[in-house]
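Enquirer: Here's a structure for you.
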Amino acid sequence: MKKKRKAWLVVLVILVLLAGGYFYVAGSGARRADSNYRRESVRRGDLSTYYTFSGNVTVRDSATVAAKAHTTIRELYVRQDDQVRKNDPLVRLSNGDTIRAEIDGEVTLLHVSVGDSVSVGAPMVSIVNFDDLCVIAKIDEYDVSAVSVGKEATMTVAALSETYESRVEHISKEAQTTGDVSFYEAKLQLPHDPRILPGMKVDVRMLAQQAPDALLLPADALRFDAYNNPYVTMQSADGGLEQVPVTVGIQDGTTVQITGGVSEGDTVFVPQSGGNRFMMMPGMRMRN
C-alpha cells in the first residue's frame, strides 16, 4: 500500500509540474506577444488607389508673326510685355501693310526695331497667351489603357505646393520612347492662376481602384508563407500565436483591404521589428 501511495504521489507531482510548465509556456507566449508585437484592430473604411504621372505646364496658344516679303519696319505699335487682343495692330511695314495679332496674349519678344530691314519669313513679334495654360503629362504604355478623355484628375504644381482639380482633354495616339518604355502625352485642363508659369513641374494623380466600406489593416500586418499565401498573426484560444490565412483586395502601400479570414474588430499582432514578411514566425502554428 505504501508503495502504491508513493507511486501515486510521484504521478501527481509530475502532473502538477507538467501543468505548471504548460501555463508558464502559455503565459510567457502571451507576454512575448505583448512585448514583441503591436496590436492592430481590423477596421472598416474606404480605400482608394491611384495612378501617378509627371507632367509640365505648357501654353495652348502662341504665335510669332513673320514677314511675308522683303520690307522695312516703318512703325511698331507694341512694346515687349504689352497685352494685345486678336487683330490688334502690331507692325506697320514700308510697303503699307499692317501686321496684326493672330491671338490674344502678351508680347513676349520683339524681334525687330523701327528702320530694320527684314526678309521673307523673318520673325517680327512673338505672342503667348498666359491666361490659357494646360498640362502635358506622360502616360506610360502600361497605364495608357486606363486613361480616357474626360477622366478626372488632381494635379499638384510642385513650385507652388498647390493642388487643382482637372480632367483629361486629349490623349496622343503617337508614342514617344525613352529607353525601353514608350509613353503617350495626355493634355489636361489647368484652372487659371497667375502664379502658374509655363514649364513648371506638375504631379498628376488619377483614380485607379476603390474599395468603399472595406475591412482594412496596415499593410505591414500582412505576412506570407513559403507558398506566398497571405496570413495575419492572431492569438489562439490557449494564449499563444497562430497563423490565420486571409484573402486580400487592393492596397495603397500603407493599408490593405482584407476580403476574407478575419472580421471587423478582430485583433492581429504585428512584429515590432517588422519581422520577415515571407516566413512563419517561430513557435507559430497554422489555423485550420
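Enquirer: Based on this model, can you work out whether Asp132 counts as modelled with pLDDT under 95, touching an Asp or Glu at 6+ places or on another chain (Cβ under 7 Å) and either among the charged types (D, E, K, R) or buried (at least 17 other Cβ atoms within 10 Å of the Cβ) (or both)?
Expert: Working: modelled with pLDDT under 95: yes; touching an Asp or Glu at 6+ places or on another chain (Cβ under 7 Å): yes; either among the charged types (D, E, K, R) or buried (at least 17 other Cβ atoms within 10 Å of the Cβ) (or both): yes.
Answer is yes for this residue.
Enquirer: Can Pro230 be described as assigned by TED's automatic domain parsing to the domain that holds Gly265 and in contact with a strand residue (DSSP E or B) (Cβ under 8 Å, 6 or more places away or on another chain)? Walk me through it before giving the result.
Expert: On the way: assigned by TED's automatic domain parsing to the domain that holds Gly265: yes; in contact with a strand residue (DSSP E or B) (Cβ under 8 Å, 6 or more places away or on another chain): yes.
Answer is yes for this residue.
Enquirer: Pull out all pairs, ordered by first then second residue, where Cβ-Cβ is under 6 Å, the residues are six or more apart or on different chains, the first lies in segment 85-97 and is at pLDDT 95 or above and among the hydrophobic types (A, V, I, L, M, F, W, C), and the second is part of a loop (DSSP other than H, G, I, E, B) and surrounded by 14 or more Cβ atoms within 10 Å (Cβ to Cβ).
Expert: Leu90/Tyr77; Leu90/Val78; Leu90/Ala101
Enquirer: Another question, if that's okay. Please go through segment 63-76 and pick out each residue that is within 30 Å of Leu197 (Cβ to Cβ) and surrounded by fewer than 17 Cβ atoms within 10 Å (Cβ to Cβ).
Expert: Selection gives Ala63, Thr64, Ala66.
Enquirer: Return the only residue of Gly283, Gly239 being in contact with a helix residue (DSSP H, G or I) (Cβ under 6 Å, 6 or more places away or on another chain), outside any strand (DSSP E or B) and at pLDDT below 95. Lay out the reasoning, then the answer.
Expert: Numbers: Gly283 fails: in contact with a helix residue (DSSP H, G or I) (Cβ under 6 Å, 6 or more places away or on another chain).
One residue alone meets the criteria, Gly239.
Enquirer: Provide a single number: the residues in segment 177-193 that are over 22 Å from the mean Cα position of the chain (by Cα) and in contact (Cβ under 8 Å) with a residue 24 or more places away in the chain.
Expert: Matching residues across segment 177-193 total 2.
Enquirer: Does any residue of segment 114-133 turn out to be within 17 Å of the chain's Cα centre (by Cα) and under 17 Å from Val204 (Cβ atoms)? Don't jump to the end; show me each part of the working.
Expert: Of all residues in segment 114-133, those within 17 Å of the chain's Cα centre (by Cα) come to none.
Checked against the condition, which is being within 17 Å of the chain's Cα centre (by Cα) and under 17 Å from Val204 (Cβ atoms), segment 114-133 yields no hits at all.
Enquirer: Please give the strands (runs of 3 or more DSSP E) falling wholly within segment 115-182 in which 1 or more residues are in the same structural domain as Ile103 (by TED's automatic domain parsing).
Expert: Values: elements: 123-128, 133-140, 152-157, 162-171, 176-178.
The qualifying strands (runs of 3 or more DSSP E) are 123-128.
Enquirer: Please enumerate the residues belonging to segment 183-229 that are in a loop (DSSP other than H, G, I, E, B) and under 27 Å from Ala159 (Cα atoms). If you could, list the steps in order and put the result at the bottom.
Expert: The initial filter retains those residues of segment 183-229 that are in a loop (DSSP other than H, G, I, E, B), namely 190-200, 222, 225-229.
Of everything in segment 183-229, those that are in a loop (DSSP other than H, G, I, E, B) and under 27 Å from Ala159 (Cα atoms) turn out to be Leu190, Pro191, His192, Asp193, Pro194, Arg195, Ile196, Leu197, Pro198, Gly199, Met200.
The values are calculated or read from the model by the stated rules, or taken from the named source; none is laboratory data. Nothing here was measured: the structure is a model prediction, and the numbers come from that model. Cβ atoms come from the backbone with ideal geometry, glycine included; neighbour counts cover every protein chain shown.
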